[in-house]
1. Between 252, 196, which is modelled with pLDDT of 95 or more, in contact with a Lys or Arg (Cβ under 8 Å, 6 or more places away or on another chain) and open to solvent by less than 70 Å² (accessible area, probe 1.4 Å)?
2. When the residues of the stretch 112-138 are narrowed to those that are open to solvent by 80 Å² or more (accessible area, probe 1.4 Å) and within 16 Å of the chain's Cα centre (by Cα), which ends up farthest from residue 287 (Cα to Cα)?
3. How about the stretch 179-210: which of its residues are touching a residue at least 60 places away in the same chain (Cβ under 8 Å) and under 21 Å from residue 136 (Cβ atoms)?
4. Regarding residue 274, is this residue within 17 Å of residue 97 (Cβ to Cβ), in contact (Cβ under 8 Å) with a residue 24 or more places away in the chain and open to solvent by 20 Å² or more (accessible area, probe 1.4 Å)?
5. Only one of 206, 163 is closer than 18 Å to residue 218 by Cα, at pLDDT below 95 and surrounded by 13 or more Cβ atoms within 10 Å (Cβ to Cβ). Can you tell me which?
6. Which numbered condition in (1) under 29 Å from residue 145 (Cα atoms); (2) out of contact with any helix residue (DSSP H, G or I) (no Cβ under 6 Å at 6 or more places or on another chain) is the only one that residue 97 fails?
7. Taking only pairs six or more apart or across chains, which ones have beta-carbon atoms under 7 Å, a first residue in the stretch 227-240 that is within 12 Å of residue 261 (Cα to Cα), and a second residue that is basic (Lys, Arg) and outside any helix (DSSP H, G or I)?
Amino acid sequence: MRNSDVATLNTTEMFCRAADKLSFTAAARALGTTPSAISKAVRRLENRLGVDLFHRTTRAIRLTEAGRAYYETCRQALAQIEQREQELRQGQADPSGLLRVSLPFSYAIKCVVPLIPKYLELHDGKIRLFVNLSNAVADFAADDFDLSIRIGHIAESRLIARPLHEARYRVVGSPAYLNEHGTPRHPDDLRAHRCVDLVLPDTGRPIAWEFVAEGKSSEVPSSSQLEFDHPIAAMTATLNGAGLSRLLDFTVDDEIRAGRLVEVLADYCPPGQPVSAVYPSRPHQPPILRGFLDFLIRELGQD
């Protein structure tokens, strides 16, 4: 708001208070200022409008016909402003409105989407949620997202990242595939296996098969005839005997526990990567964003 707009609003409030009290002195006491300040503000307003708003005597003031009409308009406008301010203050404690979030495919399906009904129920219909599923890095400015989930380290200074937990890559295969082709004991054994690659949408290249042996990190070239840009598709192909795939734990943990997939080369897997809730840095975060972030940390976070 420009300084002139603020001055106009203050002058209007002074005029309305003087009209309420029919006294510059009483208006000054109510607003914590001086009668002279009220009188000067009203005079400036009259000069700007080109009309007299008050009849003045040495003992009292009363509204002119133009003053009464202007007072009704100003009184209604100030009442609307006050009502809106109360709604905004209430919104700090009771979030409502639309929240737009962008989530990686498998993380959304496996971790977040099952929690959404609980989140919406907590807010009793006051919040609407739009969920975009994409492995591409969210563009907050262009796509108007409020929050995204990212995997890996965040280097952008204009963003705030709140860590939720860590995720680790697991190399998995179906029991039927391993029975037919054998179980690799060392990363170098992958050269004799069919591998299912996962392609990063931002680069168009498969994610490297990275391992750690004797404290040293290295990449093993995979013999892949099959690539996917969707981790659930890669997992489904692996379940059906397409070969071995390297996917993050939240994608495959349910299948491992159920015995539909078997993890191999666990001793060579590299350290985990942070999974973070990411949002733009700004002075005042909307209460709906803070509430959803607290919910994610409570439901998904781990010490």
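The values are calculated or read from the model by the stated rules, or taken from the named source; none is laboratory data. Bear in mind the structure is a predicted one, so any value in this text is a computation, not a measurement. When we count neighbours, we look across all protein chains shown, and the Cβ atoms used for this are built from the backbone with ideal geometry, even at glycine. The area values use the complete protein model at the heavy-atom level, side chains included, leaving out ligands, DNA and RNA. Shrake-Rupley method; radii C 1.70, N 1.55, O 1.52, S 1.80 Å.
1. Details: 196 fails: in contact with a Lys or Arg (Cβ under 8 Å, 6 or more places away or on another chain).
One residue alone meets the criteria, 252.
2. As a first pass, look at the stretch 112-138 and keep what is open to solvent by 80 Å² or more (accessible area, probe 1.4 Å): 114, 117-118, 121-122, 124, 126, 128, 130, 137.
Filter once more, so that each one left must be within 16 Å of the chain's Cα centre (by Cα): 128, 130, 137.
On the way: 128: 14, 130: 17, 137: 24 Å.
By that ranking, first place goes to 137.
3. 200, 201, 202, listed by residue number.
4. Numbers: within 17 Å of residue 97 (Cβ to Cβ): no; in contact (Cβ under 8 Å) with a residue 24 or more places away in the chain: yes; open to solvent by 20 Å² or more (accessible area, probe 1.4 Å): yes.
It is false that residue 274 is within 17 Å of residue 97 (Cβ to Cβ), in contact (Cβ under 8 Å) with a residue 24 or more places away in the chain and open to solvent by 20 Å² or more (accessible area, probe 1.4 Å).
5. On the way: 163 fails: closer than 18 Å to residue 218 by Cα.
Among 206, 163, only 206 is closer than 18 Å to residue 218 by Cα, at pLDDT below 95 and surrounded by 13 or more Cβ atoms within 10 Å (Cβ to Cβ).
6. (2)
7. Correct list of pairs: 239/260.
Yes/no per residue for (1) more than 18 Å from residue 135 (Cβ to Cβ); (2) among the hydroxyl-bearing types (Ser, Thr, Tyr); (3) exposed (fewer than 12 other Cβ atoms within 10 Å of the Cβ):
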{"site": "169", "(1), (2), (3)": "no, yes, no"}
{"site": "173", "(1), (2), (3)": "yes, no, no"}
{"site": "200", "(1), (2), (3)": "no, no, no"}
{"site": "257", "(1), (2), (3)": "yes, no, yes"}
